[in-house]
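A.B. asks: Sharing a structure, written as structure tokens. Questions coming.
No value in this document is a laboratory result; all are computed from the given coordinates. Nothing here was measured: the structure is a model prediction, and the numbers come from that model. All Cβ positions, glycine included, derive from the backbone under ideal geometry; neighbour counts span all protein chains shown.
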Amino acid sequence: MTRWAMVADLRRCVGCQTCTAACKHANATPPGVQWRRVLDMEVGEYPDVKRAFVPVGCMHCADPPCMHVCPSTATRKRADGIVTIDYDLCIGCAYCAVACPYQARYKTDQPSFAYGGAPMENEKETFDAMRLGVATKCTFCSDRIDAGLAKGLKPGIDPEATPACVNSCIAGALHFGDKEDPQSNVSKLLEDNEHFRMHEELGTDPGFYYLWDKAAKQGYGRGRSGG
Amino acid sequence: MSYGPRPWLQLHWDARAAANFILGGTGAGLTALAAFAPLGERLHQIAMLAGLALVAAGLASVWMEIGRKLRAVHVFFNPFTSWMTRESFAALALFAIGLSAVWTGTPLLYALASLAALGFVYCQGRILRASKGIPAWREPTVTWLVLWTAIGEGAGLLLAFVALAGSPIPAFAPGALGLAVVARALAWSVYRGRVESTLAPRARAALEPAGKQLYQLGAVAPLALLVFGGAVDAYASVAAALAGIFALATGWRFKFVLVVRASFNQGFALPRVPVRGGK
């Protein structure tokens, strides 16, 4: 089995938001909607304060609360772990949005454009009325993955088959791959580094991992989850 | 809207969604109790129809909030895991049985309508509980709080309705209201004890006064009024009406606050900070 997962190396992320811009460009999301965003977080008390940039978005959980609550079955999970939304089924009740512990879902009822009421040329071309009044979120660029796989490419390795945010990352902080494949890039990263997942205590089994330190070679074992 | 790590108020469900919990809960509570109240046929029918109308008004209100109104029928597609779908089916059953009960006057149908009403409001409680993104809602005891709040509101409305209609107050009604408001206060107390540490400060600040009112004006005051009304016959109707109104109003305020004002998410957490350099 395949489970697509994303890995963010918090030691490398510089908070440049290029992934956010790339996502908006690739997915044509309207103003205020950021399927991939980067939080600027401060931790600790003066003088012991640390700062971290934390990419967030849909965590493509293995046990997604959004899917369970969805009354229309619009939200589903593919066999490869990607959580999807069928815009034709969604009624826009936003139950999924309040069920998601990662605030990854958006609902836009009216068209909105970067410069007010009139769309720019590119916005005219990419505008999709199907996305109005329904829930939207990060798709892990599943269309790119599917098209890439059809061409025999490897997601996470070949850019054409890799999510736009990962391709755009200037610091090499974002990675994508099959977590079930022990030889994959993400499996190796998880093995070699300490990692955690967001709000693991909620039992959603997110498919988004955060690296925060090298794995201890002795004592604690390798690649343990720090969450 | 802030997208920082600190919790922020969800804006997806507003007063229209709250109205479904408020009106639906009261309507279901009224229907559930009216089924067993010895009110006489006419008042019985009126109470049942009023309960159904309130539930319908709540559902109409939440329908106004959904993004794709013409697809509303899709709400029935996921009875396997979605409490919203189950709530919809419970509402269908409630309307079908309730209207049949009014039409035929069959006591069995009234009793079944009562069960459907309780099922409907239980689903509402589970809807909140399944919302993992909102700490004030996902606490498991919220289900019982919502259930007892609905029964308290229904009992309050029933008593106020009977008292204001000038009908003799059935013996069971004050007792039902007393029991409901005490159970509701206990449910609030248990819920508060369990949820308090998980709430964002602003969520706690919103919830606390509404909970206090639920206890003081929603339980102590109605009980005092019921005792007073029982002791002084001349004021029995006024006291009963006021007790009912207090129970109803505090329940409505509490649910509005729970859904609209205390619905902060939990933000984001960083259990480990990145270790940079030195290795």
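A.B. asks: Among the helices (runs of 4 or more DSSP H) confined wholly to segment B:106-197, which include 1 or more residues that are away from every other protein chain (no Cβ under 14 Å) and among the acidic types (Asp, Glu)?
C.D. replies: Because the criterion is at least 1 residues that are away from every other protein chain (no Cβ under 14 Å) and among the acidic types (Asp, Glu), the helices (runs of 4 or more DSSP H) in segment B:106-197 that meet it are B:142-164.
A.B. asks: Might you let me know whether segment B:13-30 holds any residue that is over 16 Å from residue B:257 (Cβ atoms) and at the interface with chain A (Cβ under 10 Å from one of its Cβ atoms)?
C.D. replies: For segment B:13-30, residues over 16 Å from residue B:257 (Cβ atoms) and at the interface with chain A (Cβ under 10 Å from one of its Cβ atoms): absent.
A.B. asks: Cβ contacts < 6 Å: first residue within 20 Å of residue A:63 (Cα to Cα) and in contact (Cβ under 8 Å) with a residue 24 or more places away in the chain, restricted to segment A:179-205; second residue charged (D, E, K, R) and surrounded by fewer than 16 Cβ atoms within 10 Å (Cβ to Cβ), any location; separation 6+ or different chain. Result?
C.D. replies: From residues that are within 20 Å of residue A:63 (Cα to Cα) and in contact (Cβ under 8 Å) with a residue 24 or more places away in the chain, the pairs are A:204/A:63; A:205/A:63.
A.B. asks: I need the strands (runs of 3 or more DSSP E) fully contained in segment A:7-108, keeping only those with at least 1 residues that are in contact with an Asp or Glu (Cβ under 7 Å, 6 or more places away or on another chain), under 26 Å from residue B:272 (Cα atoms) and touching a residue at least 24 places away in the same chain (Cβ under 8 Å).
C.D. replies: Numbers: elements: A:36-45, A:48-57, A:75-77, A:83-85.
Per the criteria, A:48-57.
A.B. asks: Among the residues of segment B:224-279 satisfying the criterion of being among the charged types (D, E, K, R) and either in a helix (DSSP H, G or I) or out of contact with any strand residue (DSSP E or B) (no Cβ under 6 Å at 6 or more places or on another chain) (or both), which is nearest to the other protein chains (Cβ to nearest Cβ)?
C.D. replies: In this case the residue turns out to be B:276.
A.B. asks: What number of residues within segment A:40-69 are under 21 Å from residue A:3 (Cβ atoms) and in contact with a helix residue (DSSP H, G or I) (Cβ under 7 Å, 6 or more places away or on another chain)?
C.D. replies: Selection size over segment A:40-69: 3.
A.B. asks: In segment B:31-77, what count of residues is obtained for those that are more than 12 Å from chain A (Cβ to nearest Cβ) and among the basic types (Lys, Arg)?
C.D. replies: Residues that pass the stated criteria total 1.
A.B. asks: Which ones in segment B:64-90 are part of a helix (DSSP H, G or I), within 13 Å of residue A:95 (Cα to Cα) and free of Cβ contacts under 8 Å to residues at least 40 places away in the same chain?
C.D. replies: B:75, B:85
A.B. asks: Considering each of A:100, A:141 in turn, give the residue that is more than 14 Å from chain B (Cβ to nearest Cβ), surrounded by 14 or more Cβ atoms within 10 Å (Cβ to Cβ), in contact with a helix residue (DSSP H, G or I) (Cβ under 7 Å, 6 or more places away or on another chain) and not charged (D, E, K, R).
C.D. replies: Going through A:100, A:141 in turn, the sole match is A:141.
A.B. asks: Also, I was wondering about something else. Pick from segment A:52-79 the residues that are more than 20 Å from residue A:23 (Cβ to Cβ) and surrounded by fewer than 19 Cβ atoms within 10 Å (Cβ to Cβ): which of them is farthest from the chain's Cα centre (by Cα)?
C.D. replies: Checking each candidate, the answer is A:73.
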